[in-house]
Amino acid sequence: MPFSSILFIDSADLDAAADAPEPAFFHDLNLDRLIESVTRGREQYNLKPLFYARLTSLAAIAYRHDVLRDLGQQELVDNLRVFAKAMQSMRDNLGRAQKLHYRRQKERWRLDAVGTYCRGVAGLLQALNEAMLESRGFLDLRDYLTHYTSSSGFTSMFEDTQGVQDGVSRIAYCLHIKGNRIKVSRYDGEPDYSRDVQDTFRRFRQRPTRSSRASFSTSDSMDHVEAGILDIVARLYPETFSALDRHCERYPRFADDTIIRFDREIQFYLAYLEFVARASSTGLLFCYPKVSADDKKVRACETFDIALADKLSSEPVSVVTNDFSLEGPERILVVSGPNQGGKTTLARTFGQLHYLASIGCLVPGREARLLLCDELFTHFEREENLGDLTGKLQDELVRTHDILERATSSSVIIINEIFTSATLRDALVLGTEVIERLIRLDALCVCVTFVDELASLGPATVSVVSTVDPADPAVRTYKLVRKPADGLAYAAAIAEKYGLTYERLKDRVRS
Amino acid sequence: MRAQLMHRERDFDMEDPLPPNADALIQDLDLTTLFAAMAAGDNFLLDVAKHAVLGSLTDGDDIRYRQDVLRDCIRNPSVVKEIYAITVQAIETERQIYRSVFFRSPNAILRRGVDAMQALLGMLARLRRVADEQLERFCSEGFIELFGTLGKEVDDTFFVAAEDHLTRLGFRDGVLISARLDVGNKGAGYILRRPLDTRRGLVARLSDLVSDPFTLRISDRDESGARTLADLRERGIDLVADALEQSVDHVLGFFNVLRSEVGFYVGCLNLHARMAERSVPTCFPVPAARGETKLSAKCLYDTCLALRMDDRVTSNDIAADRKLLVVITGANQGGKSTTLRSLGLAQLMMQCGMFVSAEALTANVCDRLFTHFKREEDATMESGKLDEELSRMSDIAAQLTPNSILLCNESFAATNEREGSEIARQVLRALIEAGVKVYFVTHLFDLADGLYRERLSEALFLRAGRQADGRRTFRMVEGEPLPTSFGEDLYKQVFTHSFLPDR
């Protein structure tokens, strides 16, 4: 199959990505911030829709993994940046050609745009030839470029362009300014007078002196004097300038659509890899997840909240990593424990990993096995205050119901702090109801709750608890471990610290 | 072009950093008094003195090189002062030529450069004349090199070429600029060109023709065109304006270097005159090689004390060849610190190429000189005092090399005698074994006595002399440490003059 895209193998996926909207779960999982951060500085490529569109087949994910593996070669990445820069510069040149007024200026910018394009494409092919490529994406691209660059259309355009560029760059002329007249002539080897002056006084030189050249305004455009000078220069070098005229007529459309698409799509990978490199520099690990379409035994080691890691990267705190796993019949992680202990973070992490896996990216962690889900659902507490609690509970129930209606057994569902506005009794009853429905649905789920009982509703549920430092219960470790939910453990520890446990208090009262 | 009066191979650079312990040296050796005497009211000379004295030479040949130059200066003080005056005037004159900070257009820079260069050429000519006229009277390598360089580099050919440039830079025939086409076919890379002589007349004639198809004429009413024209001209002369400005800086740089180098010797002359007024002896010391461990002095005295006091200052003869440790003990107010300072001053003065305050002195050159003096002002916090002392000693230790000299004045006295002695013993043993020369003034009898009993061949023990009636001689004599420091005597002396009956 001929090369068409470095990101997609299914044309359906490709089409879906064209105008993909931001997924509903993005905000809850802080993925909106993540993608903002990942794509920062690349706004011109409009990469966000590419991140919004999840892949629907394992083959499509493998296609991206393979491309990413090839991109492990730093030299290749560097060369791709050079290519991107060339394409950028080509667009800039064309933009200027469009904007400017004088014909000889427009022609020159266009000439340089074509030259930049040709060199960029040739350089890209050379980079691909030098790289050790194994991915189908890059190999197909290489074949495509090999064919394209050896076509007579491209080769003659390239040679022609270089010829004209050489001619223009060799032009040197002199201006003799006296009074209000400028005489223009060919440069004839007149010596550099500044050198003469320097040579005379160099003998006094003690050390390098600071050069303070004046700064002149630089503008792309020309006024009538400059244009007048340029016209005389054109008369002094007539062959060169008529070649320039001809060049512009000959190549009205020169850029190849597939190459232009590649220029945008490769930025998806470069942006993400740059982000990964930044995060990795603080010691965090990323891995290629094993993605399955039906195996619900998911796990991840030393994983972390990627958006939180990005936010903390500018602060002197390190990110705590966690493990999670669902084995055998287990489907639901029920997370409880002290507040501010990383419960929500773990829930987000679970969702983020499944999202990142579905767009064929590296995921946070030493290793990961994940499900290619058909949809991701999140239920987070709404920030807006609905005033009366009944309204809020109702809203929660409506949203939960909506999720349960739409979710399938291949979905991933993240529920954060369900029914906090209800009484404990109500929360227990409603929570149990919801969890039992989730169990019947057989979907993968993370449920953060303050209701301990929800953690032990059968073999499908796994209890995970946020922990504190045993030496100082006020210190959160942000480590979450598999163990039975026990809200009293933390209370006991904090009481001990303040000497208010039964024995301590008895002792103290006695003495 | 270099002045070559301070170093054979390089310029005297006042930008060179002072040694990290400069402030301690200034404070402990009372160098401010020395610098002030050298400066004689000239702030620039004060700075020069500071950098020269603290920026010690470490090679005997380099020291002798300056000594020779200084001998020339002492023989011809008025010539040296005239050279200094020319450099000062050159620098002042240039500085007074208006330099706009805000309008840095090439044209303004160029015009200012022409004026400045014109002024500097005049000063160069004066310098040349002095060199030509006085050459015969100087015999040091440094001055011969300087005058030779002036004769060779600032010759008549140079003056002719320089004047020619200043004339051309008036641009009476217009400005000739080359350019190439940059991106978007905009002109770029403007370089001022010297017209080829054969075409000069032709170009001028052709450009007079209004109908010349290769000439663009800006009409009088075309203001924006005139601005572009002016802008092109500015771009054209930008490089040459910069080149001329840098050239001015080069010439000025030479005057600056010459000013600081001659300035050092003017400072030496000032000090020399002060010493002569006081009729105290000075001599050129004999620098012995590094690592030779030499010190012998005849009538060594404290330069700064002599500058500050009207009374006669006491001098000492010291014979400490092959001694790495000189322990000075004895009565309070007996001249121990003064002796210590005189040793430090002599070392610094020798190593900057100056004369020293003695009738004769031979000493080996050291890598670095350090002082570790008791700091009176730190007496407030008893507990922090030893910390402070040890921390200073640790800073010094971080910089010490085997060929360094350390002057200690009552070190480790911030704690009790036993502790202080023990610390000092360990420090001294380590330093001496490493080959560091230590002059150690101390009250720590336990320490001094212990060292004396070890009969170390590389140790010398000096004691502040005292006559039988308790009066100080302020002279150091060789001798074993005595158990008391005669504080009692001092007490008596002070109180005798007030109310206590002399028993």
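The values are calculated or read from the model by the stated rules, or taken from the named source; none is laboratory data. No experiment lies behind these values; they were computed from the predicted model shown. Virtual Cβ from ideal backbone geometry, glycine too; neighbours counted across all protein chains shown.
Here A:F25 fulfils each of the conditions (1) surrounded by fewer than 19 Cβ atoms within 10 Å (Cβ to Cβ); (2) under 18 Å from A:D374 (Cβ atoms); (3) not small (G, A, S) apart from (1).
Output the number of residues of region B:155-180 satisfying the condition of being under 11 Å from B:R128 (Cβ atoms) and more than 8 Å from chain A (Cβ to nearest Cβ).
First pass over region B:155-180, keeping only residues under 11 Å from B:R128 (Cβ atoms): B:155-156, B:158-159.
Right, trim to more than 8 Å from chain A (Cβ to nearest Cβ) and you get B:155-156, B:159.
Total satisfying the criteria: 3.
State yes or no: is B:V262 within 30 Å of B:Q67 (Cβ to Cβ), among the hydrophobic types (A, V, I, L, M, F, W, C) and touching a residue at least 40 places away in the same chain (Cβ under 8 Å)? Walk me through how you get there before you give the answer.
Working: within 30 Å of B:Q67 (Cβ to Cβ): yes; among the hydrophobic types (A, V, I, L, M, F, W, C): yes; touching a residue at least 40 places away in the same chain (Cβ under 8 Å): yes.
When the stated conditions are applied, B:V262 passes them.
Of all residues in region B:83-103, those satisfying the criterion of being touching a residue at least 40 places away in the same chain (Cβ under 8 Å) and either among the β-branched types (V, I, T) or surrounded by fewer than 16 Cβ atoms within 10 Å (Cβ to Cβ) (or both) are B:I83, B:I86, B:T87, B:V88, B:I91. State which residue is farthest from A:Y144 (Cα to Cα) when the search covers only region A:1-47 and only residues that are touching a residue at least 60 places away in the same chain (Cβ under 8 Å) and among the charged types (D, E, K, R). Ranking the candidates gives A:D28 first.
Among the residues of region B:1-45, those that are at pLDDT 95 or above, in contact with a helix residue (DSSP H, G or I) (Cβ under 6 Å, 6 or more places away or on another chain) and within 16 Å of B:L258 (Cα to Cα) comprise B:L5, B:M6, B:L45. Residue by residue through region A:216-227, note down the ones that are surrounded by fewer than 18 Cβ atoms within 10 Å (Cβ to Cβ), free of Cβ contacts under 8 Å to residues at least 40 places away in the same chain and at the interface with chain B (Cβ under 7 Å from one of its Cβ atoms). Within region A:216-227, A:F216, A:D223, A:H224 qualify.
Among the residues of region A:155-199, those identified as more than 16 Å from A:L244 (Cβ to Cβ), more than 7 Å from chain B (Cβ to nearest Cβ) and among the small types (G, A, S) are A:S156, A:G179, A:G189. Can B:A49 be described as out of contact with any Ser or Thr (no Cβ under 6 Å at 6 or more places or on another chain) and buried (at least 20 other Cβ atoms within 10 Å of the Cβ)? Criteria met by B:A49. Starting from residues that are assigned to a helix (DSSP H, G or I), at the interface with chain B (Cβ under 10 Å from one of its Cβ atoms) and not charged (D, E, K, R), keep the ones in region A:90-111 and report whichever is nearest to A:M222 (Cα to Cα). Looking at residues that are assigned to a helix (DSSP H, G or I), at the interface with chain B (Cβ under 10 Å from one of its Cβ atoms) and not charged (D, E, K, R), I get A:Q105.
Here the condition is being surrounded by fewer than 16 Cβ atoms within 10 Å (Cβ to Cβ) and more than 10 Å from chain A (Cβ to nearest Cβ); of B:G189, B:G122, it holds for B:G122 alone. The number of residues in region A:268-281 that are out of contact with any strand residue (DSSP E or B) (no Cβ under 8 Å at 6 or more places or on another chain), surrounded by fewer than 20 Cβ atoms within 10 Å (Cβ to Cβ) and either within 9 Å of chain B (Cβ to nearest Cβ) or in a helix (DSSP H, G or I) (or both) comes to 5. Restricted to helices (runs of 4 or more DSSP H) entirely inside region B:13-68, those with at least 2 residues that are of a type in the set (D, E, K, R) are B:22-28, B:43-54.
Between A:D294, A:D323, A:D310, the distinction of being in a strand (DSSP E or B) and touching a Ser or Thr at 6+ places or on another chain (Cβ under 8 Å) belongs to A:D323 only.
Go over the candidates B:A273, B:A346, B:A289, B:A319 one by one and state the one that is within 20 Å of the chain's Cα centre (by Cα) and surrounded by fewer than 24 Cβ atoms within 10 Å (Cβ to Cβ). Working first, answer last.
Working: B:A346 fails: surrounded by fewer than 24 Cβ atoms within 10 Å (Cβ to Cβ); B:A289 fails: within 20 Å of the chain's Cα centre (by Cα); B:A319 fails: within 20 Å of the chain's Cα centre (by Cα).
None of the others qualify; the one that does is B:A273.
One residue stands out in region A:235-253 among those that are surrounded by fewer than 18 Cβ atoms within 10 Å (Cβ to Cβ), away from chain B (no Cβ under 13 Å) and in contact (Cβ under 8 Å) with a residue 40 or more places away in the chain: the one that is nearest to A:V114 (Cα to Cα), namely A:R250.
B:D238 passes every criterion in (1) at the interface with chain A (Cβ under 8 Å from one of its Cβ atoms); (2) over 30 Å from B:F355 (Cβ atoms); (3) surrounded by fewer than 23 Cβ atoms within 10 Å (Cβ to Cβ) apart from (3). Being among the small types (G, A, S), at pLDDT below 95, out of contact with any Lys or Arg (no Cβ under 9 Å at 6 or more places or on another chain) and part of a helix (DSSP H, G or I): is that true of A:G115 here? No, not satisfied.
Taking the conditions exactly as written (of a type in the set (D, E), within 18 Å of B:M38 (Cβ to Cβ) and buried (at least 21 other Cβ atoms within 10 Å of the Cβ)), does B:E261 satisfy them or not? Against the criterion (of a type in the set (D, E), within 18 Å of B:M38 (Cβ to Cβ) and buried (at least 21 other Cβ atoms within 10 Å of the Cβ)), B:E261 qualifies. Yes or no: region A:167-180 includes at least one residue that is touching a helix residue (DSSP H, G or I) at 6+ places or on another chain (Cβ under 7 Å), assigned to a helix (DSSP H, G or I) and not aromatic (F, W, Y). Yes, because at least one residue in region A:167-180 is touching a helix residue (DSSP H, G or I) at 6+ places or on another chain (Cβ under 7 Å), assigned to a helix (DSSP H, G or I) and not aromatic (F, W, Y).
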